[in-house]
Amino acid sequence: MANGLNRLALCLLAGFCTSAVTLEIQSASAREIETRTGSERSIPHKREIHKRTADANALASGEAPIESKPARQSTRKPGSGSAKGPYYVDFRARTAASWGHAFVWYGKTSERAVEVAGLTPAGDTLPYIIGHLTWVPSETGASYGDLDPQYLTASYRVYLNEPDAKKAFAYIKKLQASSPVWNAETTNCNAFIGSIASFLGLKTPVRWKRPEDYVNSLKEMNGGRQMVQLAAEQ
């Protein structure tokens, strides 16, 4: 009898363990299937997020698809590169060892080359010192620093059409040829560029100013206007 009860208990225990193991296996399988399904569902979502991020980065870096950028139509006419632009006279001032220097650039805006005209004492320090007492020989071309932008302190540029530019440039060259002396009080650099400004029909300040102040005053007195036109009789 005892042996029969023991066998019955063992059978019941074995059946219970088998059921528990089966339930655990089914539960594990269900979790695995759910995990795989969730993972598979997340793949398209991750791809969509990645695509949107890539699109945003492309827009921020200017690398948008070519078809999204409308092609620009050129408005440049054939041969426009050789068309003549306006001419100019640029009244300029720069630093110097003393009060500074005033001079002009002139030329054509479509060309990099410029002409330079200004009035300075010929030589170094001694002619400059003597020139505060009397007249000394002059130079009327480019001087040291006239072409260096780091020395520039003021600028006032005006533009002319071609016929007026020819007259103005001829006047500048004539003024250079007829200015043999320099004096700090009378025939100084301000007076030289002032003569050019007057020929162009501009109002001019008094010559006894620092070159920087002279050019700035010249611009202010003429309202900063850029286009000038010579009188018909000039």
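Worth pointing out:
- When the stretch 110-127 is filtered for residues that are in contact (Cβ under 8 Å) with a residue 40 or more places away in the chain and open to solvent by 70 Å² or more (accessible area, probe 1.4 Å), only E115 remains.
- Filtering the stretch 111-148 to residues that are in a helix (DSSP H, G or I) and modelled with pLDDT of 95 or more leaves only I130.
- Count - residues of the stretch 217-233 that are open to solvent by 70 Å² or more (accessible area, probe 1.4 Å) and over 30 Å from the mean Cα position of the chain (by Cα): 3
- Residues of the stretch 110-117 include at least one that is charged (D, E, K, R) and within 20 Å of A191 (Cβ to Cβ).
- Subset of the stretch 100-127 [among the aliphatic types (A, V, I, L, M) and within 23 Å of the chain's Cα centre (by Cα)]: A113, V114
- Hits in the stretch 128-150 - residues which are over 39 Å from the mean Cα position of the chain (by Cα) and exposed (fewer than 12 other Cβ atoms within 10 Å of the Cβ): L133, T134
- Checked against the criteria, T153 counts as touching a residue at least 24 places away in the same chain (Cβ under 8 Å) and open to solvent by 30 Å² or more (accessible area, probe 1.4 Å).
- Check on A96, at pLDDT below 90 and either touching a Ser or Thr at 6+ places or on another chain (Cβ under 9 Å) or open to solvent by 60 Å² or more (accessible area, probe 1.4 Å) (or both): yes
- Check on G141, touching a residue at least 40 places away in the same chain (Cβ under 8 Å), more than 27 Å from E233 (Cβ to Cβ) and small (G, A, S): no
- Residue in the stretch 158-216 that is least open to solvent (accessible area, probe 1.4 Å), counting only those that are closer than 17 Å to R92 by Cα and among the hydroxyl-bearing types (S, T, Y): Y214
The values are calculated or read from the model by the stated rules, or taken from the named source; none is laboratory data. None of these values were measured; they are calculated from a predicted model. As a convention, Cβ positions derive from the backbone with ideal geometry for all residues, glycine included, and neighbour counts pool all protein chains shown. Accessible surface areas use protein heavy atoms only, side chains included; no ligands, DNA or RNA. Shrake-Rupley method; radii C 1.70, N 1.55, O 1.52, S 1.80 Å.
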